[in-house]
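Working notes for the structure below.
The values are calculated or read from the model by the stated rules, or taken from the named source; none is laboratory data. Being a predicted model, the structure only gives us computed values, none of them experimental. Positions of Cβ are backbone-derived with ideal geometry, glycine not excepted, and every protein chain shown enters the neighbour counts. With ligands, DNA and RNA removed, areas are computed over all heavy atoms of the protein, side chains included. Shrake-Rupley method; radii C 1.70, N 1.55, O 1.52, S 1.80 Å.
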Amino acid sequence: MTAVANNVPARGIRLPRLLRSGSWSLRIGVALMLVIVLAAVFAPWVTPYDPVALDLRNALKPPSWKNLLGTDNLGRDVFTRVVYAARIDLQIGAIGVALPLILGTMVGLIAGYFGGWVDSLIGRVIDVVIAFPFLVLVIAIVAMLGPGLINLYVALTLVSWVLYARIVRGETLALKRREYVLAARNLGYGHLRIMLRHILPNAIPPAFVFGMSDFALDVQVGATLSFFGLGAQPPAPEWGLMIAESRSMLLSAPWTVIGPGLAIVVVSLVISLIGDGLADKVRGLDG
Amino acid sequence: MIRYFGGRLLQILPVLFGVSLVVFFLVRLIPGDPAVATLGSRATPQLIARVRDQLGLDLPLWQQYLNFLSHALQGDFGISFFYQASVWDVTIARLPITLMLMVYSVILALIMAVPFAYWSAARRGRVTDHATRILFTIGLGMPVFWSGIMLAYLLGVRWKLLPTSGPGDGGLDSLVHFTLPALTLAISIAPILVRTLRSSLIEVLASDYVTTGRAMGLDNWTLRRSYIIRNSLRPLITVITINFGYLIGGTVIVEQIFSLAGVGSLLIGSISTRDYAVIQLATLIFALLVVVVNLLGDLLYALIDPRLALGT
């Protein structure tokens, strides 16, 4: 079965088919992720409160049925802010994966396909960027560019494209020796067509799987930089920033710090459920 | 073996060259005039001219890089405006704290990971295995700055078991002061160790020599100590070296949370004081640490398993 399947170019991963045949961890993960995304998108319908408006009479109220996670020192409902914050944090994860994925895939495809000096040059660049600790280089770049989400995206893209490039390069190296690629070349197809139509669909699934764990990492890095004042800026609701703002109130109002932290943990867990399921899936595709 | 080591050292040279380029170009990312940015509100035309001269900003780019490189090789990274001292001295003085924190946390992580991984592997598929995996997945999902704050709150403030800030007065007191930060860091890296160790343990447990040992009537302790644990520790060298950059990232956060005066907290602190040269040097030191540790890991691995050195 595998021998035949290997010669037929698979058409990448289709989400609906994937879900129907997916494992339980994948189904549960996707379902929970959907709930989180919907809650973030329809936040005004999820909670009656405003995420930024002050209400000093209700400051530092402990959790109750009225305020599920209590209120902060400015009287803002912590649960409301946690829900609205998902908009920013999920955006950091999504952009932090999408831009490097696109850039890294293009570079990795070119390196693996053409080989030679192009490949060695790109390989050297990858080695250099990987030599830096991820978080340190992101912090250093944002420190130079100035704080803010846009600069955070620039930094994430500059640093993490190499990981995708390395994966796609490896896949491309293996794929370009397959019969169907050689056949396509013999048919006289151009390099671009072979790269995009024949190699790319098969080289990209492992990059997607890595993208899932990278998503969780990016959310954490985004929250960390915001915690240090380098990412999202007040009064925006963002998990890391919320923790930084509430840190001094930890003794009197621990709920202001626990809530946003738990949100990050939950998103990381949901992502790892999806990631594990996807990894099994892709391993299955390879036979 | 010596040829392998030599070859490995030569491979590092282009990486070091690239690292120096990146660190050099970091300052170019500052929007506008780096001299004005460095000085901030202190900027006067004379000072700007002096800083431009000191940074060599009026020279062609390649000459600026050569200057940077030749100064860097002599440990000259300029004077910190904030500390009014040599950038090199300020940064290097903080390195021991960072290194101590990292070593301590790796030891704690191993103490946590080895028994749990063994437990998990020996009872594969059972409740303990799943519980361990879920526990460590949660550990991996907690952002370091948050788990640090929560641990400091619970163990430090609530139950008053451990001090929550500062490096202590040396010796045992320092060890006590470093425990909470190292524990925070250990919790974030232990899950990675457990995952690798568990799969390598499963492999070892199923191997012929363990079955033979068991058939020969070796007791469980001898079997574990001399055969199983020993043979499954090797992948740990690789995991630790591969994730060393991740460990450094955690160190930066933890130093800041627990007010430890290491290179990491210096890096964060220098952002608001616009000490760009310090940011450059701290970034460089962290990258060099990664390169050196990876080299050491490879050498250690080759010493343990000489086939590697002969093979390539």
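Pick out the one residue from A:Ala203, A:Ala131, A:Ala94, A:Ala174 that is away from every other protein chain (no Cβ under 11 Å), of a type in the set (A, V, I, L, M, F, W, C) and over 21 Å from the mean Cα position of the chain (by Cα). Only one candidate passes the filter, namely A:Ala174. Of all residue pairs spaced 6 or more apart or on separate chains, those with beta-carbon atoms under 6 Å, a first member in segment A:136-149 that is facing chain B (nearest Cβ under 8 Å) and a second member that is buried (at least 24 other Cβ atoms within 10 Å of the Cβ) and part of a helix (DSSP H, G or I) are A:Val136/B:Thr283; A:Val136/B:Phe286; A:Ala140/B:Ile279; A:Ala140/B:Thr283; A:Ile141/A:Ala155; A:Ala143/B:Ile279.
Can you name every residue in segment B:85-115 that is open to solvent by 40 Å² or more (accessible area, probe 1.4 Å) and small (Gly, Ala, Ser)? Within segment B:85-115, just B:Ala93 meets the criteria. In segment B:206-246, the qualifying residues are those that are open to solvent by less than 40 Å² (accessible area, probe 1.4 Å) and among the aliphatic types (A, V, I, L, M), and the one that is nearest to the other protein chains (Cβ to nearest Cβ) is B:Val239. Filtered by the rule that a residue be basic (Lys, Arg), farther than 21 Å from A:Val257 by Cα and either touching a Ser or Thr at 6+ places or on another chain (Cβ under 8 Å) or surrounded by 13 or more Cβ atoms within 10 Å (Cβ to Cβ) (or both), segment A:19-63 gives a lone residue, A:Arg27. Screening B:Leu193, B:Leu172, B:Leu140, B:Leu161 for residues that are under 19 Å from the mean Cα position of the chain (by Cα), within 30 Å of B:Ala261 (Cα to Cα) and more than 14 Å from chain A (Cβ to nearest Cβ) leaves exactly one candidate, B:Leu193. Considering segment A:168-266, the qualifying helices (runs of 4 or more DSSP H), each wholly inside and each with 3 or more residues that are open to solvent by 50 Å² or more (accessible area, probe 1.4 Å), run over A:179-186, A:200-227.
In the set B:Ala261, B:Ala277, only one residue is more than 9 Å from chain A (Cβ to nearest Cβ), assigned to a helix (DSSP H, G or I) and open to solvent by 20 Å² or more (accessible area, probe 1.4 Å); that residue is B:Ala277. Exactly one residue out of B:Leu180, B:Leu175 is in contact with a Gly (Cβ under 9 Å, 6 or more places away or on another chain) and either more than 26 Å from B:Val103 (Cβ to Cβ) or surrounded by fewer than 16 Cβ atoms within 10 Å (Cβ to Cβ) (or both): that is B:Leu175. Regarding B:Gly148, is this residue away from chain A (no Cβ under 14 Å) and either open to solvent by 40 Å² or more (accessible area, probe 1.4 Å) or out of contact with any His (no Cβ under 7 Å at 6 or more places or on another chain) (or both)? So B:Gly148 fails the test.
The C-beta contact set for segment A:272-287 (first residue of a type outside the set (A, V, I, L, M), second residue modelled with pLDDT of 80 or more and open to solvent by 20 Å² or more (accessible area, probe 1.4 Å), distance under 7 angstrom, 6+ apart or interchain) comprises A:Ser272/B:Thr137; A:Gly275/A:Val209; A:Gly275/A:Met212; A:Gly275/A:Ser213; A:Asp276/A:Ser25; A:Gly277/A:Ser25.
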